[in-house]
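Right, one structure below, let's go through it.
The values are calculated or read from the model by the stated rules, or taken from the named source; none is laboratory data. The structure displayed is predicted, hence computed values, not measured ones. Counting neighbours? That spans all protein chains shown, and the Cβs are built from the backbone with ideal geometry, glycine included.
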Amino acid sequence: MKINSLKDNAFVMAAIECAFFVSTENDEPFSHFGFSFEQISEGSLFKISLDCHRFSLACGNFWREHGWTDEQAGHDFWLSRNGHGTGFFDRSEICGDDRVRNALQMAAESVGECNLYVGDDNMIYCE
């Protein structure tokens with residue numbers, strides 16, 4: 001799987017962009033080191049896209065029905081699944097219903113964590 005095959009999927013691309021923003025190397029975001037999406041290993045890219053798909057299957061269009069764009073939902077999915085202290089539950093400006101935000105939060109958490117790291121080969125992996 002290559003990143004070009006996912007470029008039209010706003011949810012997945014937003015999740016990956018958020019992952020780059022919150023993932024660090026020597027306490028600096030990946031983006032400060034010039035890492036690119038093309039450096040994500042094929043297996044890790046597959047895992048990330050599969051996890052996004054699993055979340056989408058579980059939720060259907062639920063986030064869209066309650067005000068999130070695919071980009072916002074992809075971003076919040078990544079934050080929520082990894083326990084960054086913000087995410088779906090913290091978006092009252094998008095959706096005022098606590099039950100909706102908490103349901104999306106729990107669905108994201110149920111997918112499990114995925115943290116990026118840089119391997120010895122300078123490729124990016126997800127564990």
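Does segment 5-55 hold any residues that are touching a residue at least 24 places away in the same chain (Cβ under 8 Å) and in a strand (DSSP E or B), and which are they?
GLU25, ILE40
Of everything in segment 80-127, what is among the polar types (S, T, N, Q) and under 18 Å from ILE40 (Cβ atoms)? Give them in sequence order.
Start the filter on segment 80-127 by keeping residues that are among the polar types (S, T, N, Q), which leaves 80, 82, 86, 92, 102, 105, 110, 115, 122.
The answer is ASN82, ASN115, ASN122.
Assess whether PHE77 counts as being within 24 Å of SER41 (Cβ to Cβ), at pLDDT 95 or above and crowded, with 21+ Cβ neighbours inside 10 Å. Spell out how you get there, then give the answer.
Numbers: within 24 Å of SER41 (Cβ to Cβ): yes; at pLDDT 95 or above: yes; crowded, with 21+ Cβ neighbours inside 10 Å: yes.
Criteria met by PHE77.
For segment 25-52, name all the residues that are surrounded by 14 or more Cβ atoms within 10 Å (Cβ to Cβ) and not aromatic (Phe, Trp, Tyr).
Within segment 25-52, GLU25, GLN39, ILE40, SER41, SER44, LEU45, LYS47, ILE48, SER49, ASP51, CYS52 qualify.
With the structure loaded, tell me whether GLU127 is under 20 Å from MET13 (Cα atoms) and either modelled with pLDDT of 95 or more or of a type outside the set (D, E, K, R) (or both) or whether it fails that test.
On the way: under 20 Å from MET13 (Cα atoms): yes; either modelled with pLDDT of 95 or more or of a type outside the set (D, E, K, R) (or both): no.
For GLU127, the condition - under 20 Å from MET13 (Cα atoms) and either modelled with pLDDT of 95 or more or of a type outside the set (D, E, K, R) (or both) - is not met.
Please go through segment 82-102 and pick out each residue that is over 14 Å from the mean Cα position of the chain (by Cα), closer than 12 Å to PHE62 by Cβ and buried (at least 17 other Cβ atoms within 10 Å of the Cβ).
Hits for segment 82-102 are CYS95, VAL100, ARG101.
Which one is farthest from ASP27 (Cα to Cα) among residues in segment 103-114 that are in contact (Cβ under 8 Å) with a residue 40 or more places away in the chain and surrounded by 13 or more Cβ atoms within 10 Å (Cβ to Cβ)? Give the derivation first.
Just the residues of segment 103-114 that are in contact (Cβ under 8 Å) with a residue 40 or more places away in the chain, to begin with: 103-104, 107-108, 110-112, 114.
Next cut, surrounded by 13 or more Cβ atoms within 10 Å (Cβ to Cβ) only: 103-104, 107-108, 111, 114.
Values: ALA103: 32, LEU104: 29, ALA107: 29, ALA108: 25, VAL111: 26, CYS114: 18 Å.
Residue satisfying both the conditions and the ranking: ALA103.
Being in a loop (DSSP other than H, G, I, E, B) and farther than 23 Å from LEU57 by Cβ is the filter here; which residues of segment 103-126 pass it? Write out each step before concluding.
Applying the first criterion (in a loop (DSSP other than H, G, I, E, B)) to segment 103-126 yields 112-115, 119-123.
Passing the criteria: GLY119, ASP120, ASP121, ASN122, MET123.
Do we find a residue being out of contact with any Asp or Glu (no Cβ under 7 Å at 6 or more places or on another chain), modelled with pLDDT of 90 or more and small (Gly, Ala, Ser) anywhere in segment 52-59? Before the answer, list the steps.
Narrowing segment 52-59 to residues out of contact with any Asp or Glu (no Cβ under 7 Å at 6 or more places or on another chain): 52-59.
Add one more test, that the residue is modelled with pLDDT of 90 or more, and what stays is 52-59.
So of that shortlist, the ones also small (Gly, Ala, Ser) come out as 56, 58.
Yes, the conditions are met somewhere in segment 52-59.
Check segment 82-91 and report whether any residue there is modelled with pLDDT of 90 or more, among the acidic types (Asp, Glu) and touching a strand residue (DSSP E or B) at 6+ places or on another chain (Cβ under 9 Å).
No: segment 82-91 contains no residue that is modelled with pLDDT of 90 or more, among the acidic types (Asp, Glu) and touching a strand residue (DSSP E or B) at 6+ places or on another chain (Cβ under 9 Å).
Scan segment 56-90 residue by residue and report those that are in contact with a Lys or Arg (Cβ under 9 Å, 6 or more places away or on another chain) and either of a type in the set (A, V, I, L, M) or part of a helix (DSSP H, G or I) (or both).
In the first step, residues of segment 56-90 are kept if they are in contact with a Lys or Arg (Cβ under 9 Å, 6 or more places away or on another chain); the result is 66-68, 70, 72-73, 76, 87-90.
Of everything in segment 56-90, those that are in contact with a Lys or Arg (Cβ under 9 Å, 6 or more places away or on another chain) and either of a type in the set (A, V, I, L, M) or part of a helix (DSSP H, G or I) (or both) turn out to be ASP70, GLN72, ALA73, ASP76, PHE88, PHE89, ASP90.
Residue under question is GLY83, and the condition is that it be of a type outside the set (Phe, Trp, Tyr), without any contact (Cβ under 8 Å) to a residue 24 or more places away in the chain and at positive phi; does it hold? Lay out the reasoning, then the answer.
Working: of a type outside the set (Phe, Trp, Tyr): yes; without any contact (Cβ under 8 Å) to a residue 24 or more places away in the chain: no; at positive phi: yes.
No.
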